[in-house]
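Notes for the one structure printed next.
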Amino acid sequence: MKLSIFTKRIRIPLAICACAVCLTSVSCKSTEVVIDDTMTPQQLIQNGQNEAQKGKYKNALKYYQAVIDRPEVTPANYVEARYEIGHLYMKKQNYKAARPIFEEIQELFLNTMPGTLPAAYNKLADIELAKIPNTKQQIQAEQLKQEEKERRSQEEEADKY
């Protein structure tokens with residue numbers, strides 16, 4: 001009888017401690033980017049895209065840069081990773097950083113034998129370059145438009161609750 005009373009008294013505190021340990025390990029989970037040497041360039045790019053979709057642009061950038069830094073990087077992988085980096089800069093409206101990347105992609109297509117690089121990235125670079133405002137007034141107007149869009153999005157989120 002004493003054993004069962006003892007186990008009942010211990011069971012609840014042990015359960016609470018176990019839950020606390022589990023919650024602590026989950027809440028302290030690191031968001032460090034792990035780049036494994038066995039990962040293919042496509043896996044790295046996919047991981048970068050996943051991070052970008054979550055809004056974790058710094059993590060995404062690390063994955064794309066890992067593709068570029070690989071000694072065995074192919075021209076096709078290089079162009080894809082560079083495009084993704086440029087696209088990240090566009091999302092952040094960092095046009096100064098994005099423009100040279102897209103111009104580099106266009107230059108690569110001009111100086112590379114046709115069929116060597118995925119043609120879609122040449123067209124995508126053209127599209128992204130066309131979106132970049134050329135004057136200070138255009139840049140300011142674009143930033144105001146983006147701020148208004150974010151404000152509306154926040155208001156819509158607040159209205160849901």
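Here is how the numbers come out for the structure above:
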| quantity | calculated |
| --- | --- |
| Test: residue in segment 1-8 that is modelled with pLDDT under 95, surrounded by 10 or more Cβ atoms within 10 Å (Cβ to Cβ) and assigned to a helix (DSSP H, G or I) | yes |
| Some residue of segment 39-58 being of a type in the set (Asp, Glu), in contact with a Gly (Cβ under 7 Å, 6 or more places away or on another chain) and assigned to a helix (DSSP H, G or I) | no |
| Pairs, first assigned to a loop (DSSP other than H, G, I, E, B) in segment 83-109, second crowded, with 20+ Cβ neighbours inside 10 Å, C-beta under 9 Å, six or more apart | 92/98; 94/88 |
| Residue list for segment 90-105, restricted to those being at pLDDT 95 or above and open to solvent by less than 60 Å² (accessible area, probe 1.4 Å) | 90, 97, 98, 101, 102, 104, 105 |
| Scan of segment 121-161 for residues that are under 20 Å from residue 81 (Cα atoms), hydrophobic (A, V, I, L, M, F, W, C) and either open to solvent by less than 70 Å² (accessible area, probe 1.4 Å) or outside any helix (DSSP H, G or I) (or both), ordered by number | 124, 125, 129, 132 |
| Given (1) at positive phi; (2) over 22 Å from the mean Cα position of the chain (by Cα), number of the condition residue 108 does not satisfy | (1) |
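The values are calculated or read from the model by the stated rules, or taken from the named source; none is laboratory data. Not measured: the values here are computed from a predicted model. As a convention, Cβ positions derive from the backbone with ideal geometry for all residues, glycine included, and neighbour counts pool all protein chains shown. These accessible areas exclude ligands, DNA and RNA; they are computed on the full protein's heavy atoms, side chains included. Shrake-Rupley method; radii C 1.70, N 1.55, O 1.52, S 1.80 Å.
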